[in-house]
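This report concerns only the one structure given below.
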Amino acid sequence: MRANPLTLVGFVMVVLIVIVASLVVLLPPIGQALVGHPVSILPYGPNYYPSPCPTRIVTTGNFSYPTCTLPPSTEHLLGTDNLGRDMLSRVMAALPLDLAIGFVVTAFAALLGGSLGLVAGYWDQPRTIKGAISVAILRLTDIFLAFPSLVLALAIAATLGRGTLPTVLAILLTWWPYYVRLVRGEVLVVKHQPYVTAAKAAGLSDLRILIRHVIRNILEPVTVYYTLDVGTVLVTFSTISFIGIGVPLDVPEWGNMVEYYQTQNLMGIAPWTILAAGGAIFLTVLAFSLLGDGLRDVLDPRSRRALAQAAVPTTVAAPAALGEA
Amino acid sequence: MTEPVLQVERLSVDYEVGAGTFHAVQDVSFELHPGRVLGIVGETGCGKSTLAHAIPRLLQEPPARIRSGSVRFRGIDLLKLPRWQLPRVRGTGISMVFQEPINSLNPAYRIYDQVAEAIHIRRLRESGQAPGLVSPQEPFDYSKPKMPKTGEVLLKPLVPSRGPASRRPTFSKDAQDLRVTVLEYLKLVRINDPETILNLYPHELSGGMRQRVMIAIALSGRPSLLIADEPTSALDITIQAQVLTLMKELMTEIRTSILFISHDLGVIAEMADDVGVMYAGHLVELGPVDQVYRDPRHPYTKGLLRSAPNKYKAQGPLPSLPGSVPNLSRLPGGCPFHPRCVLAQADCTKDPGPKLTKAVDAAGPEHLAACYYSKEVPGIP
């Protein structure tokens with residue numbers, strides 16, 4: 001943390017994002033119960049458009065035409081879109097869904113892939129039933145890994161049809177194989193460590209060793225990978241929506257907002273609409289990437305050593321390096 | 001004679017790797033009686049560690065494969081036991097101290113958790129809540145009287161310590177009780193200030209301290225057989241002496257049977273009652289330490305003992321055996337030592353090689369050697 005201030009930035013951003021998302025979800029019912037009428041931290045409902053909307057006249061070349069898009073102002077901090085909807089409201093309303101997708105889909109993928117990886121790594125003796133199961137898991141993983149993840153997710157999402165749940169399923173189905181590989185590799189390293197042999201010699205059963213000694217020691221790389229992955233899943237989800245086979249248009253979601261405003265040709269006359277949605281994706285992914293990178297530095301002893309060496313002035317580090325060699 | 005704790009009969013272990021089959025242990029037979037310490041000595045790669053790991057079946061199978069033989073531990077044939085029952089023998093029946101104290105403790109847990117885990121398992125088995133195949137035994141009657149250690153008898157339950165409160169709150173009586181037992185075992189292995197050590201992680205301890213903790217964990221199962229696989233070879237020389245002294249003292253207190261693996265003839269002389277000498281996977285000589293050392297009856301043992309520098313350096317350059325250790329995948333036929341042996345005759349090259357039998361003219365009946373010409377060994381210069 002001290003060595004890399006960006007970790008702190010990422011951490012604070014993630015905390016803020018999570019707080020805002022929880023408020024968007026939690027405040028309306030709690031607020032209504034408290035004060036007796038609907039309450040929200042959103043300035044307007046995400047799909048609310050004033051009718052008739054305040055219009056402004058846009059002139060491009062020889063054409064002049066009215067549009068509901070308003071540039072950012074004190075009333076609409078991020079401006080309004082072509083239907084007069086407040087962009088800040090829409091971006092914030094999309095936050096819970098996008099964040100939940102990032103966290104939950106990745107968590108499910110990590111759990112599913114992780115469990116399979118544990119089995120494949122821990123019981124890999126050839127010529128046994130358990131070994132056959134682990135080989136089957138690995139070959140299945142290979143089949144899934146043979147396709148680029150985005151293409152496979154798109155194919156599945158397109159097959160299942162448009163909707164939030166099909167998109168989630170599509171990502172889930174493409175995301176678990178990476179965790180199988182990651183966890184299996186880590187398990188293979190850990191299970192040949194002398195402390196696992198020592199635990200066996202102390203009379204612990206296989207299952208107890210797996211749960212108490214192996215899982216505990218692979219947790220760190222998996223946590224780091226998970227944190228970095230939240231951002232990737234979010235981008236993939238938005239990409240699927242952007243292409244137009246993801247979330248329906250009436251559900252506020254960053255990817256489909258970008259897609260919708262782009263099809264409405266708003267980049268020229270109202271760039272703030274696309275930038276607001278795209279910026280939200282950018283900031284969220286950046287936050288998780290910074291946090292993930294920082295976690296890796298903190299949790300991984302190898303890069304921790306590298307950090308410690310980088311922190312020492314080179315004149316001091318040189319003899320220390322010689323001594324180690 | 002009491003019934004042996006451990007009976008190893010014609011045990012053979014192979015490693016099957018890409019380059020071929022390596023016969024790491026060949027036809028090794030020995031018995032270990034209650035309260036005795038059997039030392040196994042031999043050079044690097046002679047199969048000592050493989051033997052040590054094969055007994056509680058801790059070998060990685062594959063590449064290792066136990067080809068034949070039997071290992072009877074208190075009446076149970078460990079090699080016939082289904083794999084899932086093995087954990088029930090380990091810990092409370094057979095426990096082990098390993099070569100590398102650096103990596104033998106889980107880096108993710110505090111010392112307390114790791115010692116407590118072993119004690120917890122033993123208690124579950126003692127109370128019948130978890131199945132154990134062998135009941136943990138109270139210390140054996142020793143077949144050979146030993147000097148009792150002067151001073152406090154550390155195995156007795158200690159009064160709960162009034163030291164600084166642990167950072168880990170202990171609520172229930174069971175947890176408090178467990179903590180006292182953990183402290184007892186840490187005190188048993190002469191750890192100063194065990195209250196502090198409890199809350200430390202393994203990386204915060206030195207190698208010697210870690211090995212002490214490993215010994216505490218191994219002993220906390222109250223095993224009938226303790227296998228010590230070169231417990232001091234990874235430590236530096238002063239710490240080695242400390243750990244050996246500790247183990248020597250513990251032997252008189254705990255009186256467990258011990259299988260002590262080492263490459264150091266001096267350490268074996270110090271620690272063991274009996275000694276087995278291994279060469280290229282074969283047990284070539286077996287007998288009481290004083291007899292084997294005074295009057296070796298296998299040419300290899302003779303060669304080993306003859307190269308002790310502080311005893312023989314006055315007589316000029318130390319002798320060396322001609323040739324080198326055979327490749328374990330292509331052992332010579334007959335006696336594995338015959339290509340390097342000054343006594344070798346034509347019959348030494350014929351299969352099967354010499355069996356471990358009573359050495360001719362040896363001082364006692366327990367002195368065994370696998371050599372047709374054991375009578376002539378004392379004549380080798």
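Bear in mind that the values in this text are calculations on the coordinates, not laboratory data. The shown structure was predicted, so the numbers you read here are calculated from the model rather than taken from an experiment. When we count neighbours, we look across all protein chains shown, and the Cβ atoms used for this are built from the backbone with ideal geometry, even at glycine.
Placing unit charges on the Cβ atoms only, positive for Lys and Arg and negative for Asp and Glu, gives chain B a dipole magnitude near 380 debye about its Cα centre.
Between the alpha-carbon centers of region A:173-188 and region B:1-70, tell me the distance in whole angstrom. With region A:173-188 and region B:1-70 each reduced to a Cα centre, they are spaced 37 Å.
Which values of log₁₀ I(q)/I(0), to two decimal places, follow from the Debye formula for chain B at q = 0.08 Å⁻¹ with a uniform point scatterer at every Cα? Taken in order of the listed q values, log10 I(q)/I(0) reads -0.44.
Across region B:207-220, coupling constants 3J(HN,Hα) worked out from phi with the 6.51/-1.76/1.60 Karplus curve, θ = phi - 60°, read x, x, 5, 4, 5, 4, 4, 4, 5, 4, 5, 4, 7, 5 Hz, and Gly and Pro carry x. Out of all DSSP beta bridges in chain B, what portion is antiparallel? Express it as a percent rounded to 5. Looking only at bridges with both residues in chain B, the antiparallel portion is about 60 percent.
Within the listed set B:94, B:237, B:217, the residue fluctuating most in the Gaussian network model of chain B (springs between alpha-carbon atoms under 10 angstrom) is B:237.
Relative protection proxy for B:241-254, B:265-278, A:267-280, from highest mean packing down: B:265-278, A:267-280, B:241-254 (other beta-carbon atoms within 10 angstrom).
Using only alpha-carbon positions in chain A, the gyration tensor eigenvalues give semi-axes of 45, 26, 19 Å once each is multiplied by 5 and square-rooted (largest first).
Relative contact order, whole percent, for chain A stands at 22, derived from Cα pairs under 8 Å and 6 or more residues apart. Estimated from helical segments only, the mean residue ellipticity of chain A at 222 nm is -23000 deg cm²/dmol, where each DSSP H run of four or more residues counts as -39500 (n - 2.57). Taking every residue in A:184-197 and counting other chain Cβ atoms within 10 Å of its Cβ, the average works out to 3.
Peptide A:123-129 is shielded by partner chain Cβ atoms: per residue, an average of 1 of them sit within 10 Å of its Cβ.
When DSSP beta bridges are restricted to pairs lying wholly in region B:186-289, around 55% turn out antiparallel. For the peptides B:4-12, B:81-89, residues were scored by their other Cβ atoms within 10 Å and the scores averaged per peptide; the highest-first order is B:4-12, B:81-89.
Sequence-ordered 3J(HN,Hα) estimates for region B:288-297 from the Karplus curve with 6.51, -1.76 and 1.60 and θ = phi - 60° stand at x, 3, 5, 5, 5, 6, 6, 9, x, 10 Hz, glycine and proline given as x. Given +1 at the Cβ of Lys and Arg, -1 at the Cβ of Asp and Glu and no other charges, the dipole of chain A around its Cα centre is 1000 debye to the nearest 20. Note on the protein assembly as shown: Cα-Cα pairs beyond 49 Å make up 37% of the total pair count. With a Förster radius of 60 Å applied to the beta-carbon distance between residue A:192 and residue A:35, the computed FRET efficiency rounds to 0.45. Placing R0 at 35 angstrom, the Cβ-Cβ distance between residue A:20 and residue A:159 gives a FRET efficiency of 0.55 after rounding to 0.05. Measuring between alpha carbons in the structure, the pairs from B:48/B:187; B:355/B:375; A:200/B:355 lying more than 26 angstrom apart are B:48/B:187; A:200/B:355.
Per residue, the Cα convex hull of region B:44-93 amounts to 95 Å³. Calculate the length of the line joining the C-alpha centroid of region A:84-142 to that of region B:265-335, in whole Å. Centre-to-centre (Cα) distance: 58 Å.
Between the beta carbons of residue B:180 and residue A:83, assuming R0 = 60 Å, the FRET efficiency works out to 0.25 to the nearest 0.05. Structural descriptor for region A:51-167: relative contact order 10 percent, calculated from alpha carbon pairs under 8 angstrom and at least 6 residues apart.
Please give the charge dipole size of region A:70-160, origin at the Cα centre, charges +1 on K and R Cβ atoms and -1 on D and E Cβ atoms. Round to the nearest 20 debye.
460 debye
Each stretch of four or more DSSP H residues adds -39500 (n - 2.57); spread over every residue of chain B, this sum gives -8000 deg cm²/dmol at 222 nm. Using a Gaussian network for chain A with springs between C-alpha atoms less than 10 Å apart, which of these wobbles most: A:83, A:34, A:150? For chain A, modelled as a Gaussian network with Cα springs under 10 Å, the answer is A:34. Can you give the average number of partner chain beta-carbon atoms within 10 Å of each beta-carbon in peptide B:96-108, as a whole number? Shielding by partners across B:96-108 averages 5.
Projected onto the charge dipole of chain B (+1 at Lys/Arg Cβ, -1 at Asp/Glu Cβ, origin at the Cα centre), which of B:296, B:25, B:5 gives the Cα projection farthest towards the positive end? Of the candidates, B:5 comes out farthest on the positive side.
On the principal axes of its alpha-carbon atoms, region B:238-381 has extents of 50, 36, 34 Å, going from largest to smallest. A Gaussian network model of chain A, with springs between Cα atoms under 10 Å, assigns the largest mean-square fluctuation among A:251, A:58, A:12 to A:58.
The residue among B:51, B:332, B:374 whose Cα reaches farthest toward the positive pole of the charge dipole of chain B, with charges on the beta-carbon of Lys, Arg, Asp and Glu, is B:51. What relative contact order, as a whole-number percentage, does chain B give when Cα pairs under 8 Å and 6 or more residues apart are counted? Relative contact order, chain B: 21 percent. What would the Debye equation give as log₁₀ I(q)/I(0) for region A:1-101 at q = 0.10, 0.12, 0.24 Å⁻¹, counting only Cα atoms as equal point scatterers? Computed log10 I(q)/I(0) values: -0.43, -0.57, -1.20.
Remark on region B:1-53: hydrodynamic radius 12.5 angstrom, per the Kirkwood mean of 1/r across alpha carbon pairs.
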